[in-house]
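These notes concern the structure reproduced below.
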Amino acid sequence: QVQLAESGGGLVQAGGALRLSCVASERTFRRYAIGWFRQAPGKEREFVTAIRGSDGSTSYADSVKGRFSISRDNSKNTVYLQMNTLKPEDTAVYHCAASRAWGKFGPSEYDYWGQGTQVTVSS
């Protein structure tokens, strides 16, 4: 079973930047695709971005393309989410999640989840 732990959230002004980290417990980390999802109050959890373990392929939601960047360091069992030019509508709890599959990015495709880290963007 994969355990995931997010960090790096906080309060930032609009236009600012944050970098989130997701550390996995599993030594076979590279076998998993890691995704970032977010959930704002009263809204459903939505896909943000994901990165494949085998070749580093990525996918992004249209709402974050050009502003967010995902990367991974398999030697450290860590995935990073660099968030630039943040907007108030990016405010949410951000979760990382692990999946052995690639190609579908709904929450149900992911088997393991972290507890989340709060990101708040003030206007």
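Annotation: lysines with alpha-carbon distance below 20 angstrom to Lys87 (same-chain offsets under eight excluded): Lys43, Lys65. Once C-alpha pairs closer than 8 Å and six or more residues apart are averaged by separation and normalised to the residue number of the range 30-123, the relative contact order reads 31 percent. Among residues other than Gly106 with Cβ under 12 Å from its Cβ, the summed charge is -1 (Lys and Arg +1, Asp and Glu -1). The convex hull defined by the C-alpha atoms of the range 1-43 has an orientation-averaged projected area of 4.5 nm². Across the range 68-75, coupling constants 3J(HN,Hα) worked out from phi with the 6.51/-1.76/1.60 Karplus curve, θ = phi - 60°, read 9, 9, 10, 8, 9, 10, 5, 5 Hz, and Gly and Pro carry x.
Averaged per residue, the chain has 52 square angstrom of accessible surface, using a 1.4 angstrom probe with ligands and nucleic acids left out. Set against the 2.2 N^0.38 Å expectation for a compact globular protein, the chain has a Cα radius of gyration ratio of 0.97. For the chain, the carbon plus sulfur part of the accessible surface works out to 42%, probe radius 1.4 Å. Between Gln39 and Asp55, the simple label model (points 7 Å from Cα in the Cβ direction) yields a spacing of 3.3 nm.
Could you list the residues of the range 1-25 with an amide nitrogen less than 15 Å from a label point located 7 Å from the Cα of Arg100 in the Cα-to-C-beta direction? 1-3, by backbone N distance to the label point. Remark: the Ser123-Asn74 segment gains 14.1 nm on full extension, using 0.36 nm per residue and subtracting the alpha carbon distance.
Figure legend: label point modelled 7 angstrom from the Cα of Ala14 along Cα→Cβ; no residues of the range 50-83 have amide N under 16 Å from it.
Protection proxy ranking, highest mean first, for peptides 93-99, 64-70, 20-26: 93-99, 20-26, 64-70, where packing is the per-residue count of other beta-carbon atoms within 10 Å, averaged.
The values are calculated or read from the model by the stated rules, or taken from the named source; none is laboratory data. As the structure is a computational prediction, the values presented were derived from the model and not from experiment. For neighbour counting, all protein chains shown are included, and Cβ atoms are generated from backbone atoms with ideal geometry for every residue, glycine included. Ligands, DNA and RNA are excluded from the accessible area calculation, which covers all protein heavy atoms including side chains. Shrake-Rupley method; radii C 1.70, N 1.55, O 1.52, S 1.80 Å.
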